[in-house]
Amino acid sequence: MADASGRSFPVPAGILLGLGLGGFFDGIVLHQVLQWHHMLSTWYPITSVENLERNTLWDGIFHSATYVFVVLGLFVLWRRGRIRPLRWSGRGLAGSLLVGWGLFNLVEGLVDHAVLGVHHVNELRPRAEWWLWDLGFLAWGAAMLALGLGWVRAART
């Protein structure tokens, strides 16, 4: 990950930023704008004010966690840049962001959609189609991860 001078782009910073940005995209676009699902909407369907309040609270907790990832990513980036000059790389930044975002999709998709079943990507569609949307979310994450890894490798050369 580091060139001979140890000045390469700090990939862990980009991964943390990608995890946070992926979470923000999920929460802002899928939860709030499109309203396809909320954090616990399979367990607590939005059929009452109480369930909406519970889901809104957990959406906020989720956003707080993604915020922590972004703050940690900025801290790592700032710290690495202060210690020694960095070899800035747009491809390294974009690649590491995609790695983080792809990891977010894969972990969130496997844990929340498949294992725990707390929500599914698009709960506005008929229930029989939910697995297709969940699979698409995982495929999107895997594609971002693969592309990001390729860009990170290319940035190292």
Taking neighbour Cβ counts within 10 Å as the exposure measure, how do T66, T47 sort from fewest upward? T47, T66
Would you order Y44, Y67 from fewest to most other beta-carbon atoms within 10 Å of each residue's own beta-carbon? Y67, Y44
Using only alpha carbon pairs under 8 Å that are at least six residues apart, calculate the relative contact order of the stretch 11-156 and give it in whole percent. 36 percent
May I ask you to give the average projected area over all directions of the convex hull of the Cα atoms of the chain, in nm² rounded to one decimal? 9.4 nm²
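Any read-out appearing in this document is the output of simple, stated calculations on the displayed coordinates, not a laboratory observation. Here the structure is a predicted model, which means the values were calculated and not measured. Backbone-built Cβ (ideal geometry, glycine too); neighbour counts: all protein chains shown.
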